[in-house]
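Asker: I'd like to ask some things about the structure below.
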Amino acid sequence: MTIDISRLMRPRSIAIVGVSPEPSSAGFLMLRNLEAFDYKGAIHLVSRNRDAINGRACVRTIDDLPDGVDAAMLLIPRVAIEDAVTACARKKIGAITIFAAGFGEAGGEWKAAQDRIAALAEAAGIAVCGPNCLGIVDYVRRLPLTFSQQVGEPLDAKSGVVVVAQSGGLAGVIRVALRAKDIPVICTVSTGNEAVLGLEDYAAFLI
């Protein structure tokens, strides 16, 4: 099935799966980033034990989401990822970011799990960023698809540099170094293990 990477890179609706009211939690930090960037799309929250967070209603499971959400941010332990991807396919979610580490880089059973997840996603036409990544930030289109606290501010720029790197930490270091030279970085992508999409896919789309 054809994969539409635009649903990952330009999502009109986002589900944060594994959100928590704890201010230091990854899900809360991602929600805070989206609110700080004044994201205009729909934000759906999935929490096993909360009815609302920050005044936003939560659903219990991915299966409780509306069909066709553009992108799901999976901020859950690696043991729950495979079932979550299966649920995303059922709900016709177009893209997934898997932040959890310990898949292909761990070898053995977890490399096999990554391969199964990739096969599931490809069969369903789901664009996948990761696993083991820090996500994507588009500073011009106000899309901070990450839980990182080092996001920075949105930019009012017509052009600039795009950084695509396996390592989110490396992407951040490059962005800071370029900003120190007054060179705007308009987008960063941390590709992680590249289970489905590779560096070349992101580069082709952004170019």
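Asker: Go through the range 103-141 residue by residue and tally those that are open to solvent by 30 Å² or more (accessible area, probe 1.4 Å) and touching a strand residue (DSSP E or B) at 6+ places or on another chain (Cβ under 7 Å). Spell out how you get there, then give the answer.
Answerer: First pass over the range 103-141, keeping only residues open to solvent by 30 Å² or more (accessible area, probe 1.4 Å): 105-106, 108-112, 115-116, 119-120, 122-124, 132, 134, 140-141.
Then drop every residue that is not touching a strand residue (DSSP E or B) at 6+ places or on another chain (Cβ under 7 Å), which leaves 134, 140.
Of the residues in the range 103-141, 2 are open to solvent by 30 Å² or more (accessible area, probe 1.4 Å) and touching a strand residue (DSSP E or B) at 6+ places or on another chain (Cβ under 7 Å).
Asker: Same structure, new question: Please enumerate the residues belonging to the range 193-207 that are in contact with a strand residue (DSSP E or B) (Cβ under 7 Å, 6 or more places away or on another chain) and surrounded by fewer than 16 Cβ atoms within 10 Å (Cβ to Cβ).
Answerer: Leu199, Ala203, Leu206
Asker: Any idea how many residues of the range 168-192 are in a loop (DSSP other than H, G, I, E, B), open to solvent by 40 Å² or more (accessible area, probe 1.4 Å) and either closer than 16 Å to Leu145 by Cα or in contact with a Gly (Cβ under 9 Å, 6 or more places away or on another chain) (or both)? Quick ask: steps written out before the conclusion?
Answerer: First, pick out the residues of the range 168-192 that are in a loop (DSSP other than H, G, I, E, B): 181-184, 191-192.
So of that shortlist, the ones also open to solvent by 40 Å² or more (accessible area, probe 1.4 Å) come out as 181-184.
Still in the running and either closer than 16 Å to Leu145 by Cα or in contact with a Gly (Cβ under 9 Å, 6 or more places away or on another chain) (or both): 183-184.
Residues that pass the stated criteria total 2.
Asker: Then there is this: List every residue pair whose Cβ atoms sit under 6 Å apart, with the two residues 6 or more apart in sequence or on different chains, where the first one lies in the range 176-204 and is within 20 Å of Ala95 (Cβ to Cβ) and the second, anywhere, is surrounded by 15 or more Cβ atoms within 10 Å (Cβ to Cβ) and polar (S, T, N, Q).
Answerer: Thr191/Gln166; Gly192/Asn132; Asn193/Asn132; Ala195/Gln114; Leu199/Thr191
Asker: For the range 142-166, name all the residues that are part of a loop (DSSP other than H, G, I, E, B), open to solvent by 10 Å² or more (accessible area, probe 1.4 Å), modelled with pLDDT of 95 or more and on the phi < 0 side of the Ramachandran plot.
Answerer: Within the range 142-166, just Phe147 meets the criteria.
Asker: Another question, then. Quick one: is Ala100 open to solvent by 30 Å² or more (accessible area, probe 1.4 Å), without any contact (Cβ under 8 Å) to a residue 40 or more places away in the chain and either of a type in the set (A, V, I, L, M) or not in a loop (DSSP other than H, G, I, E, B) (or both)?
Answerer: On the way: open to solvent by 30 Å² or more (accessible area, probe 1.4 Å): no; without any contact (Cβ under 8 Å) to a residue 40 or more places away in the chain: yes; either of a type in the set (A, V, I, L, M) or not in a loop (DSSP other than H, G, I, E, B) (or both): yes.
No; evaluated as a whole, the condition is false for this residue.
Asker: Could I ask something else about it? Every residue in the range 7-53 that is farther than 21 Å from Ala100 by Cβ, under 14 Å from the mean Cα position of the chain (by Cα) and open to solvent by 40 Å² or more (accessible area, probe 1.4 Å), please.
Answerer: Scanning the range 7-53 gives Arg10, Arg12.
The values are calculated or read from the model by the stated rules, or taken from the named source; none is laboratory data. Note that this is a predicted model, so its numbers are computed, not measured. We place every Cβ from the backbone using ideal geometry, glycine too, and count neighbours over all the protein chains shown. Remember, those area values only see protein heavy atoms, side chains included, never the ligands or the DNA or RNA. Shrake-Rupley method; radii C 1.70, N 1.55, O 1.52, S 1.80 Å.
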